[in-house]
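Q: Could you have a look at this structure, given as structure tokens, before my questions?
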Amino acid sequence: MASPDDLVVVDRGENTSLTVHLYGATVISWKCRGEEILFVSQKSLFDNKKAIRGGIPVVFPCFGPWDLGPQHGFARISRWKVESTPQKNTAGDMVAIFSLEDSDKTRAMWDFKFKLIYTLTLKETAFQMDFKVENKDSKPFPFTCLLHTYLGTPDVTKSGVTGLNKLTYVDKVKGGEHQESRDVVTVAENYDRVYKSTPDEHSVSGCVGGKTVVVKKTNFPDTVVWNPWKDKAAGMSDFGDDEYTNMICVEAGYVVKPFELGAGKSFEASQLLTVI
């Protein structure tokens with residue numbers, strides 16, 4: 001289990017809260033009126049060494065395999081700073097801010113000066129993530145980024161994702177580019193697809209408690225849908241053999257092509273999750 005020293009709890013009252021692990025600024029719990037919306041593997045290690053398996057890991061500055069460092073970059077395996085402790089805003093929502101800046105360790109992999117600012121706003125039945133990248137360097141840098149959201153579900157085969165029909169996707173399991181033909185995308189196999197130029201809203205049905213989670217995103221042009229399925233799950237040491245049935249990843253990102261951020265400039269993107 002995670003050490004209390006590693007955790008920040010954002011409590012809105014009425015059994016609605018977030019728990020953020022400072023290793024990766026990973027949201028490891030979102031309870032909405034007492035119901036846990038996110039999936040975290042029971043085998044996930046909270047050792048401040050390996051990326052947390054579940055919740056919402058932050059991917060930066062590279063999505064996927066990376067020649068310069070670890071897969072999915074270093075943001076999810078770095079210790080973040082609490083920029084602002086949880087406070088109530090004028091709307092009655094709770095806001096907490098986390099940040100990550102370049103260090104000797106990050107510059108040894110990726111020689112750029114930067115600051116990430118991650119603002120989390122917990123609403124009554126929704127949760128907003130605002131992600132900002134500041135280029136603190138004198139030269140531009142390219143990056144990809146993504147919020148690797150694991151949603152909990154009692155049965156993944158009964159979950160569906162809307163907003164992907166007729167879109168082009170890269171199939172990272174079978175290879176190649178294809179066009180989606182389903183109004184509601186369901187998962188029944190090892191599934192790892194990067195959908196290009198997706199709309200700003202998806203609905204994910206069949207989540208915990210029979211709920212639907214609506215994903216609204218801004219400046220995240222791509223959407224990844226992922227589930228490791230049985231054989232791959234069995235080969236993952238930090239993932240239960242049968243847990244694949246209880247999760248679906250629907251991930252908002254800027255991943256198909258890198259974003260080039262000019263010196264002294266900033267990039268902003270956001271994701272709003274709403275339970276209905």
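Q: Can you name the residue in the range 169-189 that is under 14 Å from residue 249 (Cβ atoms), hydrophobic (A, V, I, L, M, F, W, C) and in a loop (DSSP other than H, G, I, E, B) and, of all such residues, is least open to solvent (accessible area, probe 1.4 Å)?
A: Here the answer is 187.
Q: Cβ-Cβ under 7 Å, sequence separation 6+ or interchain: first residue in the range 59-82 and polar (S, T, N, Q), partner surrounded by fewer than 19 Cβ atoms within 10 Å (Cβ to Cβ). Which pairs?
A: 71/64; 71/65
Q: Please go through the range 115-150 and give me each residue that is closer than 30 Å to residue 36 by Cβ and of a type in the set (Asp, Glu), ordered by number.
A: Just the residues of the range 115-150 that are closer than 30 Å to residue 36 by Cβ, to begin with: 116-133, 144-150.
Selection gives 124, 130.
Q: Checking the structure you have, find out if any residue of the range 167-190 is within 30 Å of residue 118 (Cα to Cα) and among the charged types (D, E, K, R).
A: Step one: of the range 167-190, the residues within 30 Å of residue 118 (Cα to Cα) are 167-172, 185.
Filter again for among the charged types (D, E, K, R), leaving 171-172.
Yes; the residues of the range 167-190 include at least one that is within 30 Å of residue 118 (Cα to Cα) and among the charged types (D, E, K, R).
Q: Only residues that are closer than 22 Å to residue 244 by Cα, in contact (Cβ under 8 Å) with a residue 60 or more places away in the chain, in contact with a Lys or Arg (Cβ under 9 Å, 6 or more places away or on another chain) and open to solvent by less than 10 Å² (accessible area, probe 1.4 Å): list them for the range 1-37, please.
A: 37
Q: If you don't mind, there's one more thing I want to ask. Picking from 93, 130, 102, which residue would you name as being touching a residue at least 40 places away in the same chain (Cβ under 8 Å), within 30 Å of residue 68 (Cα to Cα), acidic (Asp, Glu) and open to solvent by less than 70 Å² (accessible area, probe 1.4 Å)? Please lay out each step first, then the result.
A: Details: 93 fails: within 30 Å of residue 68 (Cα to Cα); 102 fails: touching a residue at least 40 places away in the same chain (Cβ under 8 Å).
That would be 130, the only listed residue that is touching a residue at least 40 places away in the same chain (Cβ under 8 Å), within 30 Å of residue 68 (Cα to Cα), acidic (Asp, Glu) and open to solvent by less than 70 Å² (accessible area, probe 1.4 Å).
Q: Give 211, 217 a once-over and let me know the one that is under 14 Å from residue 164 (Cβ atoms) and either open to solvent by 40 Å² or more (accessible area, probe 1.4 Å) or charged (D, E, K, R) (or both). Working first, answer last.
A: On the way: 211 fails: under 14 Å from residue 164 (Cβ atoms).
Residue meeting the stated conditions: 217.
Q: Further question: Are there any pairs, at least 6 apart or on different chains, whose C-beta atoms fall under 9 Å, with the first in the range 222-240 and at negative phi and part of a helix (DSSP H, G or I) and the second of a type in the set (Phe, Trp, Tyr) and crowded, with 18+ Cβ neighbours inside 10 Å, and if so, which?
A: 230/244; 232/239; 232/244; 233/239; 233/244
Q: Another question, then. Scan 157, 198 and give me the residue that is part of a loop (DSSP other than H, G, I, E, B) and over 23 Å from residue 31 (Cβ atoms).
A: The match here is 198.
Q: When you go through 119, 186, 153, 144 one by one, which is the residue that is over 29 Å from residue 77 (Cα atoms) and of a type in the set (Val, Ile, Thr)?
A: Working: 119 fails: over 29 Å from residue 77 (Cα atoms); 153 fails: over 29 Å from residue 77 (Cα atoms); 144 fails: over 29 Å from residue 77 (Cα atoms).
None of the others qualify; the one that does is 186.
Q: Moving to a separate point now. Could you tell me whether residue 166 is at positive phi, open to solvent by 30 Å² or more (accessible area, probe 1.4 Å) and either touching a Gly at 6+ places or on another chain (Cβ under 8 Å) or among the charged types (D, E, K, R) (or both)? Before you say what the answer is, go through the steps one by one.
A: Numbers: at positive phi: yes; open to solvent by 30 Å² or more (accessible area, probe 1.4 Å): yes; either touching a Gly at 6+ places or on another chain (Cβ under 8 Å) or among the charged types (D, E, K, R) (or both): yes.
Against the criterion (at positive phi, open to solvent by 30 Å² or more (accessible area, probe 1.4 Å) and either touching a Gly at 6+ places or on another chain (Cβ under 8 Å) or among the charged types (D, E, K, R) (or both)), residue 166 qualifies.
The values are calculated or read from the model by the stated rules, or taken from the named source; none is laboratory data. Every value quoted in this text rests on a predicted model; they were computed, and no experiment measured them. With ideal geometry, Cβ positions are generated from the backbone for all residues, glycine too; neighbour counts draw on all protein chains shown. The area values use the complete protein model at the heavy-atom level, side chains included, leaving out ligands, DNA and RNA. Shrake-Rupley method; radii C 1.70, N 1.55, O 1.52, S 1.80 Å.
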